[in-house]
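Notes follow the structure.
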Amino acid sequence: MLQVSLYRYNPESDEAPYMQDFSVDTGDRDLMVLDVLELIKADHDGSVTYRRSCREGVCGSDGLNMNGKNGLACITPLSESIKGGKLVIRPLPGLPVIRDLVVDMSLFYAQYEKVQPYLQNPTPAPAIERLQSPEERAQLDGLYECILCACCSTSCPSFWWNPDRFVGPAGLLQAYRFLADSRDTATEDRLAKLDDPFSVFRCHGIQNCVNVCPKGLNPTKAIGHIRTMLLNRAT
Amino acid sequence: MRAALQLAQSGYKTAVISKVFPTRSHTVSAQGGITCAIASADPQDDWRWHMYDTVKGSDYIGDQDAIEYMCSVGPEAIFELEHMGLPFSRTEEGRIYQRPFGGQSKNFGEGGQAARTCAAADRTGHALLHTLYQNNIKNETVFFNEWFAVDLVKNQDDAVVGVIAICIETGETVYVKSKATVFATGGAGRIYASTTNAHINTGDGMGMALRAGVPAQDMEMWQFHPTGIYGAGTLVTEGCRGEGGYLVNKDGERFMERYAPNAKDLAGRDVVARSMVLEILEGRGCGPNGDHVKLKLDHLGEEVLESRLPGICELSRTFAHVDPVKEPIPVVPTCHYMMGGIPTNVHGQALTVDAQGSDAVIPGLYACGEVACVSVHGANRLGGNSLLDLVVFGRASGLFIEKSLREGIELRDASQTDIEAAGARLEALNAREQGEQVAPLRHELQEIMQNHFGVFRTGEFMREGIAKLADLRERVENVALADRSSAFNTSRIECLELQNLFETAEATAVVAEARDESRGAHAREDFTERDDENWLCHSLYQSEGKQVSKRSVNFTPQTVETFQPKARSY
């Protein structure tokens, strides 16, 4: 039997959040954490609340804090997560909790929208695709794969302090994804919008984002590139 | 999302209701690519060849006017996506990279294997969905995220004038009034126990449509993807075989050479899936239970795998505990795609048939993507055609609605009674004190479908399945809430989803039993031959009275000659 401790909070009935323990029969299988949540919801308590969709690590719904580390529940096997025989599951830290493991991601999405995450190129498009060499396209690898799960930004102390002013690792990764795209012509405008003390420069290179990214991406490196572009622009 | 983008760009007030944040939708899981004759890999490529392949792949019950529209408009729609920023992989010439996929040919089947599937590595769906969402942000589309559409609202003329929707976060329930309601609600793979589909693929559009008296077309046609990871069900793209991977049995034999001597592992998905099941049934399956086969990729080399199939390497390591660079991936045919759906024309308008058997438009209702049956996939969808379908017909729906709005759409307002009728199911669920829990009922439904309506089907066994479903119906209708809270109540949503799954499953079951022939994905052991005399047509299902009827297939494309049905071999 696996001992699971879950963060519970229902705004309608609970004064304060609390931890609830469950004893789950995993049949000694190395299940994913999401499978354990599904077992709890089906067999123990149908009111346990969390988000989930693809269950294969590409939709980004089930970012959670498992035994102290952010990750996606659907691709985190128990063998990688269990500490001291116990699984402690909490919502992603730093965002308001709506209910149980579900957080309000509005601030996170607002920072994403702030970087204008879409290609900008006012020149008339050709009749076919805009050409891009494999080398130019390779510049987008490690950037476009982001799934907006918020594991990175909610593990970042700078984002905890200034979620309204620091764009955060996820948003900045996307900002650089468009700065790095040979087809995008809005570089100057994009940099101007980021050139303040908070948007980019609140990153202190702690690299929590890199440690938790379930897709193996490196926001710190992308932020480094943006810093360089901003500094070059200033001189 | 493509339809919403078109409408947002046109300046009309457009809202998207989505039960998940838009980038969590199942399109995100599409891997291998989007098939289209953009003439990058082969400058001579021709959309008519793509059309031929699609008609043949459909086993001749795809509508040729719709396939013609999709294949000919496709290139324009792909280039638009590229201009929006979709990060396609590239060729040395700087053009979009295209890879070979199953069922593709040059020169109407005479010129060998084509490479026609445009790809962004093996994350094409992710790249596509994010690009569409990003461009909707750019165009300031209004999103109702984590809102769940419950049922259609119809006025006294039987026109669709919006939906009842519930805000998942707060439980607030409203009537969303609309001049044009577009379903892009995706598939329902969760009717089966083993599926590549996301948890959210619960046939919500099908459920709403069937309850509102809208017919469903070709619901017996479910695609079983040859390569779902054994045990986990997660998808491994056909692009693996496009890049040179192949299937082996327990003897290490490349068995597809026996079943499809020309196309081998790139035959149609229905053909490959059936061949795999036959290998397993004949005792040549792998593993201690001999219940799967393996997909061999290691001969392609680490460099190709990491650059062309990085997502597959990741999934295989996570879910199969196998590194494809070193050893083959255990795979098994897994429910993947619903070829059937709400019948529509090429403008996305939902159709029904009138008393004379002629097509009649249902005012106010549109459908596109997997929930629609326009029909471009017929009895078997070709890989890479689903993304093209949703982009082309999402766009077409948007264009048509834009034109209709400009010309003026007059629908009578729903009365209070109409609105209450649409809200009745939710009301009843909220009021019910006793009943069974959702999870065991869902499990029971999925087991019935898995056992009685799988890759191979027989009449007697299907009739048993239909009887079991009939017993289950009342219990599903009386499902009870495990949680009565208003705040982010996922239990309530799962109950509503279960009822949608049930409607979809029952439609599938009844029509599968009725079609007494084998065609495309529908393989009957008691009727092993294709029967063009009686079944070269769509099936149509009405939930009231569980009526099955037939609807003709379109054989009159506008600019090319009809592709006549012939024996289908690969």
Any residue in the range B:485-504 that is open to solvent by 20 Å² or more (accessible area, probe 1.4 Å) and touching a strand residue (DSSP E or B) at 6+ places or on another chain (Cβ under 6 Å)? no
When you scan the range B:50-94, how many residues do you find that are within 14 Å of chain A (Cβ to nearest Cβ), assigned to a loop (DSSP other than H, G, I, E, B) and of a type in the set (G, A, S)? 3
Among the candidates B:S89, B:S40, which residue alone is touching a Lys or Arg at 6+ places or on another chain (Cβ under 8 Å), closer than 24 Å to A:F178 by Cα and small (G, A, S)? B:S89
Could you tell me which residue of the range A:48-64 is farthest from the other protein chains (Cβ to nearest Cβ), considering only residues that are open to solvent by 20 Å² or more (accessible area, probe 1.4 Å) and within 23 Å of A:D14 (Cβ to Cβ)? A:R51
Output the qualifying pairs, or none if there are none: Cβ atoms under 7 angstrom, residues six or more apart or on different chains, first residue in the range B:266-292 and without any contact (Cβ under 8 Å) to a residue 40 or more places away in the chain, second residue crowded, with 23+ Cβ neighbours inside 10 Å and among the acidic types (D, E). B:G285/B:E279
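Condition check ((1) away from chain A (no Cβ under 14 Å); (2) surrounded by 24 or more Cβ atoms within 10 Å (Cβ to Cβ); (3) at positive phi; (4) part of a loop (DSSP other than H, G, I, E, B)) across all residues:
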{"site": "B:L128", "(1), (2), (3), (4)": "no, yes, no, no"}
{"site": "B:I137", "(1), (2), (3), (4)": "no, no, no, no"}
{"site": "B:F148", "(1), (2), (3), (4)": "no, no, no, no"}
{"site": "B:V153", "(1), (2), (3), (4)": "yes, yes, no, no"}
{"site": "B:V176", "(1), (2), (3), (4)": "yes, no, no, no"}
{"site": "B:R190", "(1), (2), (3), (4)": "no, yes, no, no"}
Can you say whether B:A41 is part of a loop (DSSP other than H, G, I, E, B), open to solvent by 30 Å² or more (accessible area, probe 1.4 Å) and aliphatic (A, V, I, L, M), as far as the supplied structure shows? yes
With the condition kept exactly as written, say whether any residue in the range B:96-117 is at the interface with another protein chain (Cβ under 8 Å from one of its Cβ atoms) and touching a Phe, Trp or Tyr at 6+ places or on another chain (Cβ under 9 Å). yes
Between B:V510, B:V553, B:V560, which is in contact with a Phe, Trp or Tyr (Cβ under 7 Å, 6 or more places away or on another chain) and either crowded, with 21+ Cβ neighbours inside 10 Å or touching a residue at least 12 places away in the same chain (Cβ under 8 Å) (or both)? B:V510
So B:S29 passes all but one of these: (1) closer than 22 Å to B:H126 by Cα; (2) of a type in the set (G, A, S); (3) more than 13 Å from every other protein chain (Cβ to nearest Cβ). Which condition number does it fail? (3)
In the range B:315-359, the residues that are small (G, A, S) and open to solvent by 30 Å² or more (accessible area, probe 1.4 Å): B:A355, B:G357, B:S358
Restricting the search to the range B:412-431, which residues are open to solvent by 40 Å² or more (accessible area, probe 1.4 Å) and either outside any helix (DSSP H, G or I) or touching a His at 6+ places or on another chain (Cβ under 9 Å) (or both)? B:R412, B:D413, B:S415
Which residues, counting only those in the range A:33-47, are of a type in the set (A, V, I, L, M, F, W, C) and open to solvent by 10 Å² or more (accessible area, probe 1.4 Å)? A:L39, A:A42
Filtering the range B:235-270 down to residues that are of a type in the set (V, I, T) and crowded, with 24+ Cβ neighbours inside 10 Å, which residue is nearest to B:H538 (Cα to Cα)? B:T237
If you check A:S153 against the conditions, is it of a type in the set (S, T, Y) and under 30 Å from A:V4 (Cα atoms)? yes
Enumeration of residues in the range B:192-206 that are crowded, with 24+ Cβ neighbours inside 10 Å and hydroxyl-bearing (S, T, Y): B:Y192, B:T195, B:T196, B:T202
Name the residue, out of A:D21, A:D30, that is open to solvent by 60 Å² or more (accessible area, probe 1.4 Å) and part of a strand (DSSP E or B). A:D21
Being in contact with a Phe, Trp or Tyr (Cβ under 6 Å, 6 or more places away or on another chain) and either open to solvent by less than 70 Å² (accessible area, probe 1.4 Å) or part of a loop (DSSP other than H, G, I, E, B) (or both) is the filter here; which residues of the range A:203-235 pass it? A:A222, A:I226
Where in the range B:222-337 are there helices (runs of 4 or more DSSP H), lying fully within it, with 2 or more residues that are more than 14 Å from chain A (Cβ to nearest Cβ)? B:239-242, B:256-259, B:269-281, B:302-308
So, in the range B:385-411, exactly how many residues are under 22 Å from the mean Cα position of the chain (by Cα) and either of a type in the set (D, E) or crowded, with 24+ Cβ neighbours inside 10 Å (or both)? 13
Would you check if A:S5 is modelled with pLDDT under 95, touching a Lys or Arg at 6+ places or on another chain (Cβ under 8 Å) and under 28 Å from A:V210 (Cβ atoms)? no
What is the residue count in the range B:55-73 for residues that are surrounded by fewer than 21 Cβ atoms within 10 Å (Cβ to Cβ) and either small (G, A, S) or in contact with a Leu (Cβ under 6 Å, 6 or more places away or on another chain) (or both)? 1
Here is a check on your reading of the model: is B:F101 touching a residue at least 40 places away in the same chain (Cβ under 8 Å) and assigned to a loop (DSSP other than H, G, I, E, B)? yes
Subset of the range A:181-202 that is surrounded by 18 or more Cβ atoms within 10 Å (Cβ to Cβ) and part of a helix (DSSP H, G or I) - its residue that is nearest to the other protein chains (Cβ to nearest Cβ): A:R190
Could you please give the count of residues in the range A:116-172 that are within 13 Å of chain B (Cβ to nearest Cβ) and either open to solvent by less than 20 Å² (accessible area, probe 1.4 Å) or not polar (S, T, N, Q) (or both)? 31
The listed residue being without any contact (Cβ under 8 Å) to a residue 60 or more places away in the chain and surrounded by 22 or more Cβ atoms within 10 Å (Cβ to Cβ), out of B:E110, B:E82, B:E93, B:E76: B:E82
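The values are calculated or read from the model by the stated rules, or taken from the named source; none is laboratory data. Note that this is a predicted model, so its numbers are computed, not measured. As a convention, Cβ positions derive from the backbone with ideal geometry for all residues, glycine included, and neighbour counts pool all protein chains shown. All accessible areas refer to the heavy atoms of the entire protein, side chains included, with ligands and DNA or RNA removed. Shrake-Rupley method; radii C 1.70, N 1.55, O 1.52, S 1.80 Å.
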